Every structure is written in C-alpha cells, then in structure tokens.
Amino acid sequence: MESSFRKLKYTIGLINFHSYKPDFVKQEIWAKLIVYNLTESIINHTAVVHQKKTKHDYKIHFGTAAHICRVFLRPSVKEGSINVTALLQRRLIPIRNERQYHRLKTAHFRRPRYLIYRAA
C-alpha cells in the first residue's frame with residue numbers, strides 16, 4: 001500500500017500540481033490515477049520471459065513502464081506504432097530479495113548537538 005503511494009507521488013508525478021483551481025487539480029489527480037492503474041494493469045498482464053537460467057528472477061521496472069504508457073497515451077502516437085508489451089519485456093530488472101543494508105552511523109543518524117555544548 002505504501003509503495004503504491006510512493007509510486008503515485010514520485011514516479012507518476014502526483015507530488016506537484018500544475019494548476020491552481022480546484023476543478024483542474026481534481027482533473028489532474030484523476031488523470032494520474034488513470035495512468036497509474038493503466039501502468040499497473042499492463043505490468044500485471046505482461047509475461048516476463050526467461051530465456052536462460054540466471055541467478056535472479058526478473059520483473060518489469062515501474063518507472064520505465066509508466067514512461068512507456070505515457071508515450072503510448074499521447075495523441076501524436078498512432079495505434080499500431082508502439083508495441084507496449086514488447087518494450088516492457090526488454091526493460092527488466094532483477095528481483096533481489098536478499099538485500100539488507102545495515103543502518104550507517106553517518107552524520108544524519110547521530111544524536112543532535114546543541115549550542116550549549118561550547119564553553120562560553
């Protein structure tokens with residue numbers, strides 16, 4: 001659920017609006033929700049083909065899929081000129097479930113220093 005909101009905000013672009021009037025903001029929200037749903041449904045219906053035995057399983061990259069769907073929905077693109085599923089099958093990324101990064105003790109994870117630590 002949280003990853004869906006992250007995809008909506010950052011990948012689809014729902015974090016910034018281009019209009020000020022409430023009706024146009026609603027229209028923009030609905031348009032981006034439609035693009036998100038279209039992208040997710042195309043990803044779910046595209047079969048990932050494995051040609052040879054590899055170390056990882058593969059999935060379709062959501063950002064690339066969202067871009068391909070946006071290009072496909074433009075009125076300048078003709079119906080038969082883009083094969084969306086063939087483009088998506090070429091843009092695969094490995095699924096790496098075994099990754100776990102330990103939290104680093106860098107500057108933003110340290111305890112805060114207050115101004116009273118200095119001697120006057």
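Here are some notes:
- Sequence ranges 10-17, 52-59, 35-42, ranked by mean other-Cβ count within 10 angstrom, highest first: 35-42, 10-17, 52-59
- Cross-link partners of LYS59 among aspartates and glutamates, defined as those whose alpha carbon lies under 16 angstrom from its own and excluding same-chain residues fewer than eight positions apart: GLU40, GLU98.
- Simple label model, 7 Å out from Cα along Cβ direction - VAL25 to HIS61, nm: 3.3 nm
- Cβ-derived FRET efficiency at R0 22 Å, HIS18 paired with ARG74, nearest 0.05: 0.85
Just so you know, all these numbers are worked out from the coordinates, no wet-lab data involved. Fair warning: this is a prediction, and the values are worked out from it, not measured in the lab. Virtual Cβ from ideal backbone geometry, glycine too; neighbours counted across all protein chains shown.
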